[in-house]
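K.L.:
Take a look at the following structure, please.
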Amino acid sequence: SEKIKREELRTIGAMNQVGSWIGLPKVSRIEAYDISNISGFQTVGSMVVYEKGRPKRSDYRKFRIRGVQGADDYASMEEMLTRRLSHYENYPDLIMMDGGKGQVNVALKVMDALHLRIPVCGMVKDDRHRTRGIYFQNEEIPISRDSEGFRLVTRIQDEAHRFAIEYHRSLRSKEQVHSVLDDIPGIGPARRKALMRAFRTLEDIRNASVEQLKAADGMNARAAAQVYDFFHAQEKE
């Protein structure tokens, strides 16, 4: 049917089109990498996977960058790729980096060190942060914005970025909860962890009744009252 044909063009057809631009006969698995470091807090990396033109979410990976001080995207990318490529099960047909020459060179350096050969291209953005084209073997390849391949590259780039930012946000909200709970008398590391498990966000803890707080592991009436009073003290004044 028309619908199935259209869907195949959008997925498998688009993968093959990307392959044809860079001389790869078959592309059925693409891995794309992105780094996120917002406001100097904890750099994270994301890896998203597309198989036959569709996201394969069960294979996505998140990385907390450990060995890099400050916001250094290249060093962070190097750490993430080294960790990822050192223990590989199934290699992708193509690796896509968020960025151009610099990011691609980082990937090539890591592969050299690990004696791997996987084609790598960069996904280049224009000044307005929209996908512009792909960078492969030292040149930017002009591609038609109307093509299914271009749309696929855009989707992959957006998805890698979204996944990195989402992970970043979840870590940041955990950090905030962490630091606020540290200020409450009578709440040590064990109770803090128990509260984090029982309630997902700081808002949830703030909105909980004394009874609900008391029900969390390791909490008692006194500790629950302390948490409750900490969040509601201003209201009483």
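K.L.:
Counting only the backbone N, which residues of the stretch 75-118 are under 11 Å from the spot 7 Å out from the Cα of Arg61 toward its beta-carbon?
P.N.:
Within reach of a label on Arg61: 80-92.
K.L.:
Which distance in nm do the two modelled labels at Arg197 and Leu24 give, with both placed 7 Å along the Cα-to-Cβ direction?
P.N.:
The two pseudo-label positions are separated by 4.3 nm.
K.L.:
Further question on the same structure: Which residue fluctuates most in the GNM of the chain (Cα springs below 10 Å): Ser58, Ser20, Ser86?
P.N.:
Fluctuation is largest for Ser58.
K.L.:
If you take the Cα Rg of the chain and divide it by 2.2 N^0.38 Å, with N the number of residues, what do you get? Can you show the working numbers first?
P.N.:
Numbers: Rg = 23.0 Å, N = 237, 2.2 N^0.38 = 17.6 Å.
So the chain has a normalised radius of gyration of 1.31.
K.L.:
Would you work out which of Ala14, Asn105, Ile141 lies farthest towards the positive end of the dipole of the chain? Charges go on Cβ: Lys and Arg +1, Asp and Glu -1.
P.N.:
Ala14
K.L.:
Starting from the Cα of Arg169, step 7 Å along the direction of its Cβ; do the same at Arg151; then give the gap between the two resulting points in nm.
P.N.:
A separation of 2.6 nm, rounded to one decimal place.
K.L.:
Under the Kirkwood approximation for Rh and a Cα-based Rg, what ratio Rg/Rh is obtained for the stretch 1-110? Intermediate results must be reported in sequence, preceding the final value.
P.N.:
Details: Rg = 15.7 Å, Rh = 15.2 Å.
Result: Rg/Rh = 1.04.
K.L.:
Also: Give the longest segment of the chain that steers clear of trypsin sites (Lys or Arg not before Pro) in DSSP loops with at most 16 neighbouring Cβ atoms within 10 Å, not counting the sites themselves. Spell out each step's value before the answer.
P.N.:
Numbers: sites that count: Lys26, Lys52, Lys56, Arg66, Arg117, Arg128, Arg130, Arg145, Arg200.
Looking at the chain, 146-199 is the longest stretch - no exposed trypsin sites (Lys or Arg not before Pro) with at most 16 other Cβ atoms within 10 Å.
K.L.:
Would you calculate, for the chain, the mean residue ellipticity at 222 nm contributed by helices, counting each DSSP H stretch of 4 or more residues as -39,500 (n - 2.57) and dividing by all residues, to the nearest 500?
P.N.:
On the way: 9 runs with 114 residues, N = 237.
Helix contribution divided over all residues of the chain: -15000 deg cm²/dmol.
K.L.:
Suppose we keep just the alpha-carbon trace of the stretch 113-237; what are its Rg and Dmax in angstrom?
P.N.:
For the stretch 113-237, the Cα radius of gyration and maximum Cα-Cα distance read 24.3, 67 Å.
K.L.:
Show me the GluC sites (Glu not before Pro) within the stretch 32-94 that DSSP assigns to loop and that have at most 15 other Cβ atoms within 10 Å of their Cβ.
P.N.:
Details: sites: Glu51, Glu78, Glu79, Glu89; in loops: Glu89.
Here the GluC sites (Glu not before Pro) that fit, given the DSSP loop and packing criteria, are Glu89.
K.L.:
Oh, and also: Given the options Gly23, Gly122, Gly188, which has the most mean-square fluctuation in a GNM of the chain, springs set between C-alpha atoms less than 10 angstrom apart?
P.N.:
In this elastic network of the chain, the residue with the biggest mean-square fluctuation among Gly23, Gly122, Gly188 is Gly188.
K.L.:
Then there's this: Given Cβ point charges of +1 (Lys, Arg) and -1 (Asp, Glu) and nothing else, what value in debye, to the nearest 20, does the dipole of the stretch 104-237 about its Cα centre take?
P.N.:
Details: 22 positive and 20 negative charges, 52 e Å.
Charge dipole, the stretch 104-237, about its Cα centre: 240 debye, nearest 20.
K.L.:
Right, another one. Give me the one-decimal nm value for the distance between modelled label points at Asp183 and Leu114, 7 Å along each residue's Cα-to-Cβ direction.
P.N.:
Each label point is offset 7 Å from its Cα along the Cβ direction, giving 4.3 nm.
K.L.:
Just tell me, in residue order, which DSSP H segments of the chain are both 15 angstrom or longer along the helix axis (alpha-carbon based) and at least 0.0 in mean Kyte-Doolittle hydropathy. Before the final figure, lay out each step's value.
P.N.:
On the way: long enough: 73-86 (19 Å, -0.71); 101-114 (20 Å, 0.50); 148-181 (49 Å, -0.68); 221-236 (21 Å, -0.51).
What comes out of the filter, once short or polar helices are dropped, is 101-114.
K.L.:
Please compute the per residue accessible area over the stretch 1-80 with all protein chains in place, 1.4 Å probe, rounded to a whole number of Å². Mind showing how you got there, number by number?
P.N.:
Values: 4340 Å² over 80 residues.
Roughly 54 Å² per residue, with all protein chains present.
The values are calculated or read from the model by the stated rules, or taken from the named source; none is laboratory data. The model shown is predicted, which means the values in this text are computed figures rather than measured ones. Note that each Cβ is placed from the backbone with ideal geometry, even for glycine, and that neighbours are counted across all protein chains shown. Areas reflect the complete protein model, heavy atoms only, side chains present, ligands, DNA and RNA absent. Shrake-Rupley method; radii C 1.70, N 1.55, O 1.52, S 1.80 Å.
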